[in-house]
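**Q** Got a structure for you, questions after.
Nothing in this text is a laboratory measurement; each read-out follows from the coordinates by a stated rule. For clarity, every value in this text was computed on a predicted model and none was experimentally measured. Glycine gets a Cβ as well: all are built from the backbone with ideal geometry, and neighbour counts include every protein chain shown.
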Amino acid sequence: MNPTFLSWGIAAVATAGVITRPFRLPEAVWAVSGALILVALGLVPASLAWEAIGKGSDVYFFLFGMMVLSEVGRREGLFDWVAVLTVNHAKGSALRLFLLVYLVGIVITVFLSNDAAAVVLTPAVFAAAKKARTDALPLLFVCAFIANAASFVLPISNPANLVLYGNHTPALGPWLMRFTVPSILSIVATYLMLRWSQRDHLRGQCESNLPNVELSKNGKIALAGICATAVVLLTVSALDMQLGVPTAIMGALTGALVTWQERTSPVPLLKSISWSVLPLVAGLFVLVEMLDHTGVIRALSDVLKAAAQQSELATGAAAGGIVAVGSNLINNLPAGLIASSTLAQAHSATRVIDALLIGVDLGPNLSITGSLATILWLTAIRREGEDVGFWRFLKVGAVVMPPALILALGARLLLG
């Protein structure tokens, strides 16, 4: 068999495994198995595989820091405290509770990233739904969908933004000029369509006037750690530095301070983290390296360059739509890597690059495997005893994602 076709076949099977989770095996098992088989058969040199894994170092550090912050918040009652505040402000209205969760999700996504919205917000929302004695799933869907809908408000709102632009991420001023209107349209359209899709679950009343929960000293440390991390990320982004190591340091410092206050070992805290996410990301990076190794990236860059010479507007619209759908087939992190490598070779115009970014960020709202944030969300809700299958998510995503994508892409391309 042709080695190139064999490589593509192995990657396709691995990707299908990540999407469908046969035998209910974790997503990481399929991604890592595909990467190992490619290396074992000599289809991807081991040196290239290690190089590909190394490219994800910033992402690994970032996820580690966020997962530590989330676990500290969960253990120290921070999420229960937030839940009571949110439920009481909803004043017995399920619709108002839905809106409040959405607004909180916007803030967390914008200033801490979409992965943080999935990791940090989801446990708090689950606690709020439990205390409000209302259906948890519509509120949990908010955590998943806002994590992608608001993920291009700022460069730090999604690690995929930094992956796609690499060392050429626009400064904050130009970024806001290019993405403010598309972001607003994306956020509003996603809210309206998600609320409409969940309308039958949001009727009636929920609990209110819950007894106030006093935040413990360590809970306050967890809250301070999360807020400080947001400030650090904004500062680091403004200085055009990578986010991973600072996030890991902030998470580690917060975890260390809490365990020191409790005079306990950090081992139980570390054991509670969903470590399988990290090999999943590493496996995806190797699969993308295979595409570059087999000449797919070069072919894509030639097509993109030729199309842009014919019509920049049409190319941007088509490229944004294709990568939006493609992100659901291979996950938006590798899709962003592929797009970044393609753009580097094609020397594309700004509008085309921005259209690809919107597709990478917003397209994953179609399916549960579209983005790393949604996979993290799945991991978080499974820990709480909830689960959402591929088709169940797709039924909602098919309603919510297309209008937001069309409006955001149209605004960015037409406004110049």
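**Q** Pairs of Cα atoms under 8 Å, at least six residues apart: use those to get the relative contact order of the stretch 3-414, whole percent. Numbers along the way, then the final one.
**A** Values: 681 pairs, mean separation 101.4, N = 412.
Computed value for the stretch 3-414: 25 percent relative contact order.
**Q** Under 14 Å from the Cβ of Lys217, count the other residues' Cβ atoms, weight Lys and Arg +1, Asp and Glu -1, and hand me the total. If you can, show how the numbers build up before the last one.
**A** Working: positive: Arg75, Lys220, Arg263; negative: Glu76, Glu214, Glu262.
With Lys, Arg at +1 and Asp, Glu at -1, the net is 0.
**Q** Something else about it: In the stretch 149-240, which trypsin sites (Lys or Arg not before Pro) are in a loop and have at most 10 other Cβ atoms within 10 Å, using DSSP for the loop call?
**A** On the way: sites: Arg178, Arg195, Arg199, Arg203, Lys217, Lys220; in loops: Arg203.
Loop-located and lightly packed - Arg203.
**Q** Using a Gaussian network model of the chain whose springs link C-alpha atoms within less than 10 Å, name the residue from Glu51, Glu214, Glu262 with the highest mean-square fluctuation.
**A** Glu262
**Q** Turning to a different aspect of this structure: Mind telling me which of Ser276, Ser237, Ser113 comes out most flexible in a GNM of the chain, alpha-carbon contacts under 10 Å?
**A** Sorting by GNM fluctuation, first place goes to Ser276.
**Q** Mind checking the dipole of the stretch 3-414: about its Cα centre, +1 per Lys or Arg Cβ, -1 per Asp or Glu Cβ, Debye to the nearest 20? Intermediate values should be presented prior to the final figure.
**A** Numbers: 26 positive and 22 negative charges, 176 e Å.
The dipole of the stretch 3-414 has a size of about 840 debye.
**Q** Can you tell me the relative contact order of the stretch 20-125? Whole percent, Cα pairs under 8 Å, sequence separation 6 or more. Don't skip to the end; give the middle numbers.
**A** Numbers: 47 pairs, mean separation 26.8, N = 106.
Worked out over the stretch 20-125, it gives 25 percent.
**Q** For the Cα atoms of the chain, what angle does the longest principal axis make with the long axis of helix 312-330, in degrees from 0 to 90, nearest 10?
**A** With both axes taken from Cα atoms, the answer is about 60 degrees.
**Q** Picking from Gln198, Ala124, Ala373, whose Cα lies most toward the positive end of the charge dipole for the chain (charges on Cβ: Lys, Arg +1; Asp, Glu -1)?
**A** The residue sitting most towards the positive pole is Gln198.
**Q** Given a cut-off of under 8 Å on Cα pairs at least six residues apart, what relative contact order in percent is computed for the stretch 248-364? Write out the running numbers ahead of the final one.
**A** Values: 98 pairs, mean separation 32.2, N = 117.
Relative contact order here is 27 percent.
**Q** Starting at the first residue of the stretch 266-282, write each ³J(HN,Hα) from the Karplus equation 6.51 cos²θ - 1.76 cosθ + 1.60 with θ = phi - 60°, in whole Hz, x for Gly and Pro.
**A** Coupling constants for the stretch 266-282: x, 4, x, 4, 5, 5, 7, 6, 7, 5, 5, 4, 5, x, 4, 4, 4 Hz.
**Q** Neighbour counts of other C-beta atoms within 10 Å: give me Arg96, Arg263 arranged from fewest to most.
**A** On the way: Arg96 16, Arg263 6.
Lowest to highest Cβ neighbour count: Arg263, Arg96.
**Q** For Ser47 and Val181, compute 0.36 nm times the residue count separating them, minus their Cα-Cα distance, and round to one decimal in nm.
**A** Numbers: separation 134, 0.36 × 134 = 48.24 nm, distance 4.33 nm.
Answer, rounded to one decimal: 43.9 nm.
**Q** Mind putting a number on the dipole of the stretch 144-266 about its Cα centre? Charges go on the C-beta only, +1 for Lys and Arg and -1 for Asp and Glu, and I need it in Debye to the nearest 20.
**A** Working: 7 positive and 5 negative charges, 26 e Å.
With Lys and Arg at +1 and Asp and Glu at -1, about 120 debye.
**Q** Can you check what the net charge comes to around Gly255, using other residues whose Cβ is under 13 Å from the Cβ of Gly255 (Lys, Arg +1; Asp, Glu -1)? Don't skip to the end; give the middle numbers.
**A** Working: positive: Arg74, Arg75, Lys271; negative: Glu71, Glu76, Glu262.
Net charge around Gly255: 0.
**Q** Given 0.36 nm per residue, what is the gain on full extension from Val399 to Glu384 after removing their alpha carbon distance, in nm? Kindly include the intermediate steps, with their values, before the conclusion.
**A** Numbers: separation 15, 0.36 × 15 = 5.40 nm, distance 2.61 nm.
Full extension of this stretch gives 2.8 nm more.
**Q** Then there is this: Report, in degrees rounded to the nearest 10, the 0 to 90 angle that the Cα long axis of helix 372-383 makes with the longest principal axis of the chain.
**A** Between helix and principal axis, roughly 40 degrees.
**Q** Dividing the alpha-carbon radius of gyration of the chain by 2.2 N^0.38 Å (N being the number of residues), what value is obtained?
**A** Working: Rg = 20.9 Å, N = 416, 2.2 N^0.38 = 21.8 Å.
Here the answer is 0.96, to two decimals.
**Q** Please determine, in degrees from 0 to 90 and to the nearest 10, the orientation of helix 350-362 with respect to the longest principal axis defined by the Cα atoms of the chain, where the helix direction is its Cα long axis.
**A** Helix 350-362 sits roughly 50 degrees off the main axis of the chain.
**Q** How far, in nm, would the chain grow between Val231 and Gln310 when pulled straight, counting 0.36 nm per residue and subtracting the alpha carbon separation?
**A** Numbers: separation 79, 0.36 × 79 = 28.44 nm, distance 4.37 nm.
That works out to 24.1 nm of additional length.
**Q** Can you sort Ile375, Ile187 by how many other beta carbons sit within 10 Å, fewest first?
**A** Details: Ile375 26, Ile187 23.
Lowest count first: Ile187, Ile375.
**Q** Based on the Cβ-Cβ distance from Val303 to Leu6, what FRET efficiency comes out when R0 is 30 Å, to the nearest 0.05? Please report the intermediate quantities before stating the final value.
**A** Details: r = 23 Å, r/R0 = 0.78.
The value I calculate is 0.80.
**Q** What is the sum of charges around Ser272, taking Lys and Arg as +1, Asp and Glu as -1, for the other residues whose C-beta is under 10 Å from the C-beta of Ser272? Working shown, then result.
**A** Values: positive: Arg74, Arg75, Lys271, Arg383; negative: Glu71.
Charge balance near Ser272 sits at +3.
**Q** Mind ordering 19-32, 326-339 by average Cβ neighbours within 10 Å, highest first?
**A** Values: 19-32: 16.9, 326-339: 25.9.
Sorting 19-32, 326-339 by mean packing, highest first, produces 326-339, 19-32.
**Q** Starting with the highest mean, order 349-356, 225-232 by the number of other Cβ atoms within 10 Å, averaged over the residues of each peptide.
**A** On the way: 349-356: 21.8, 225-232: 18.1.
Per-residue Cβ counts within 10 Å, averaged per peptide and sorted highest first, yield 349-356, 225-232.
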